[in-house]
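Colleague: This structure is in C-alpha cells; I'll ask about it shortly.
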Amino acid sequence: ERLARPNIALRVIDNLKKGKEFKVPTDQFRTPTDADDLAKGLISLAERKLNGIFNISGGQRVSVYDLSKQVASAFGLNDSLLIPIKSAELPEPAKRPLDSSLDISKAKNLQAVLFMNDSTTTVSYYL
C-alpha cells in the first residue's frame with residue numbers, strides 16, 4: 001500500500017494535463033526546496049564543520065497557490081484550472097500547518113549556503 005502522495009508540483013501537473021480543476025489553498029505557505037540545493041547546503045555545512053541546527057530550504061516563502069501557478073506556467077498548463085480556496089475547505093486526511101516555511105537566516109548569515117534559489121528559478125531549472 002502506498003503511504004505517501006505525490007508532492008504539490010506533481011499533483012498540479014497531473015491534474016492540469018488531464019484538464020481537471022484542482023483546488024489549491026491560498027493560505028498555506030512553504031519554502032520550496034530544490035534537492036540539489038539541499039545537498040549542496042548539507043555538504044557545505046559538513047565541509048565547514050559547522051555545528052548546531054540549521055534550516056536549509058529555498059530562499060523564498062511562497063503560498064501553495066502561487067507555487068502551483070508557477071508550476072502551471074513553467075509547464076505551459078492552463079492555470080485557470082487552479083481553484084483558490086482556504087485550507088479549511090480542503091478535505092485533507094490530516095490537518096496541515098498554515099505556515100511551514102523555514103527561516104534560513106542562520107545559514108545565510110554564516111554564508112554556509114549562498115545558492116538557495118527562489119521557487120520560480122527552481123521550477124524553471126527543470127524545464
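Colleague: Of the options Asn51, Leu67, Ile83, report the single residue whose Cα projects farthest towards the positive end of the charge dipole of segment 1-112 (beta-carbon charges: Lys, Arg +1; Asp, Glu -1).
Modeller: Asn51
Colleague: What is the calculated FRET efficiency for Leu90 to Leu38, with r their C-beta to C-beta distance and R₀ = 22 Å, to the nearest 0.05?
Modeller: The pair Leu90/Leu38 has a calculated efficiency of 0.25.
Colleague: Per 10 Å bin, what is the whole-percent P(r) computed from every C-alpha pair distance within segment 1-101?
Modeller: Binned Cα distances yield the sequence 14, 38, 31, 14, 4.
Colleague: With the full set of protein chains in place, find how many percent of the accessible area of segment 1-102 is carbon and sulfur; take the probe as 1.4 Å.
Modeller: The C+S portion of the solvent-accessible surface of segment 1-102 is 54 percent.
Colleague: Using 0.36 nm times the number of residues separating Asp99 and Lys18, minus their current alpha carbon distance, what extension gain do you get?
Modeller: 26.2 nm
Colleague: Taking 8 Å as the Cα distance limit and 6 or more residues as the minimum spacing, I'd like the relative contact order of segment 1-101 as a percentage.
Modeller: 45 percent
Colleague: Treating cross-link reach as a plain straight distance, find the lysines whose alpha-carbon is under 20 Å from the alpha-carbon of Lys49, omitting any fewer than eight places away in the same chain.
Modeller: Lys40, Lys106, Lys108
Colleague: Separate question: What residues have an amide H closer than 5 Å to that of Gly58, excluding those fewer than 5 places away on the same chain, when H is modeled at 1.01 Å from N in the peptide plane?
Modeller: Those lying under 5 Å, H to H, from Gly58 are Thr33, Asp34.
Colleague: Compute the Rg/Rh shape ratio of segment 1-58: radius of gyration over Kirkwood radius, all on alpha-carbon atoms.
Modeller: Dividing the radius of gyration by the Kirkwood radius yields 1.14.
Colleague: How many nm is it between the label spots at Asn51 and Phe75, if each spot is 7 Å from the Cα in line with the beta carbon?
Modeller: 4.5 nm
Colleague: If you don't mind, there's one more thing I want to ask. For segment 1-85, with every protein chain kept in place, what is the accessible area per residue (1.4 Å probe, Å²)?
Modeller: 59 Å²
The values are calculated or read from the model by the stated rules, or taken from the named source; none is laboratory data. No experiment lies behind these values; they were computed from the predicted model shown. Ideal geometry is used to build each Cβ from the backbone, glycine not excepted, and the neighbour counts take in all protein chains shown. Each accessible area value is taken on the protein alone, full model and side chains, heavy atoms only, with ligands, DNA and RNA left out. Shrake-Rupley method; radii C 1.70, N 1.55, O 1.52, S 1.80 Å.
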